[in-house]
Amino acid sequence: MRWWDIDPVLLLERELFPEDAWSRGMFWSELAHARGPGATRGYLVAETPDGRIVGYAGLLASDADQADVQTIAVARDQWGTGLGSRLLAELLRAATAFECAEVMLECRVDNVRAQKLYQRFGFVPVGVRPGYYQPGNVDALVMRLTDPANSVPHPVQGTETHG
């Protein structure tokens, strides 16, 4: 993901997460930490052949050999195509490149589709964060994956992704 991707990503973000969408400033802040020798973030977008952004994902690598999935989203017209799997696989490759031994994430407790995706990759529930998603006061399921380097199911297919 680059700065010029922020506006189309924001359109998709607001469509998919109307109550708790990230702001332009949040994406700018994340991308500020995604380049250079001290980078701690990895963000990517997925585009159709005509250049339409249909998905995006982001990862934060901490100093404690742990990474956190910050966001992952797929346009509704791309659901069921394998794009979510491709994006998650790329995040796990980034976690491996950052030399992270585990990956954490939060997922809405009512987002069963996402939970199934994460479970296919080996994520397991480890807790709940009550009222994590605001303003809807929806709980988050906390999930963890150990050994991200060996957790990508094969084959992973879908739309082309760009980091």
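With semi-axes defined as the square roots of five times the eigenvalues of the C-alpha gyration tensor, the equivalent ellipsoid of the range 15-135 measures 20, 19, 16 Å, largest first. Which is the longest run of the chain containing none of the GluC sites (Glu not before Pro) found in DSSP loop states (not H, G, I, E, B) with at most 14 other C-beta atoms within 10 Å? It works out to 20-98. Computed with a 1.4 Å probe over protein heavy atoms only, the accessible surface of the chain comes to 52 Å² per residue. Subtracting the Cα-Cα distance of residue 50 and residue 124 from 0.36 nm times their residue separation leaves 23.0 nm of extension gain. Loop-resident trypsin sites (Lys or Arg not before Pro) (DSSP state other than H, G, I, E or B) in the range 31-90 with no more than 15 further Cβ atoms inside 10 Å of their Cβ: 35, 52.
Using the Cβ-Cβ distance between residue 112 and residue 62 with R0 = 30 Å, the FRET efficiency computed as 1/(1 + (r/R0)^6) comes to roughly 0.60. Go through 46, 67, 98 and say which Cα lies farthest out towards the positive end of the charge dipole of the range 19-110; charges sit on Cβ, +1 for Lys and Arg, -1 for Asp and Glu. Working it through, the farthest residue towards the positive pole turns out to be 46. Taking the Kirkwood radius as Rh and the Cα radius of gyration as Rg, the range 12-65 has a ratio of Rg/Rh equal to 1.03. Only Cα pairs under 8 Å and 6+ residues apart enter the sum, and on that basis the relative contact order of the chain stands at 22 percent. Result for the chain in a Gaussian network model with C-alpha springs under 10 Å: among 118, 56, 133, the largest mean-square fluctuation is at 133. Per-residue ellipticity at 222 nm from helix content only, as computed over the chain with -39500 (n - 2.57) for each DSSP H run of at least four residues, stands at -8000 deg cm²/dmol. Applying 1/(1 + (r/R0)^6) with R0 = 30 Å to the Cβ-Cβ distance of residue 97 and residue 4 gives a FRET efficiency near 0.80. Heavy-atom surface analysis with a 1.4 Å probe gives the range 1-148 a carbon and sulfur content of 52 percent of its accessible area. Grab the other residues whose beta carbon is less than 13 angstrom from that of residue 137, score K and R as +1, D and E as -1, and report the net. Here the charged neighbours net out to -2. Each Lys and Arg contributes +1 and each Asp and Glu -1, all at the Cβ; summed about the Cα centre of the range 33-134, the dipole is approximately 300 debye. Label positions at residue 11 and residue 77, each projected 7 Å from the Cα along the C-beta direction, are separated by 1.1 nm.
The values are calculated or read from the model by the stated rules, or taken from the named source; none is laboratory data. Everything numeric in this text was worked out from a predicted model, so none of it was measured. Positions of Cβ are generated from backbone atoms using ideal geometry, with glycine treated the same way; all protein chains shown enter the neighbour counts. Quick note on the areas: whole protein, heavy atoms, side chains included, nothing else; ligands and nucleic acids left out. Shrake-Rupley method; radii C 1.70, N 1.55, O 1.52, S 1.80 Å.
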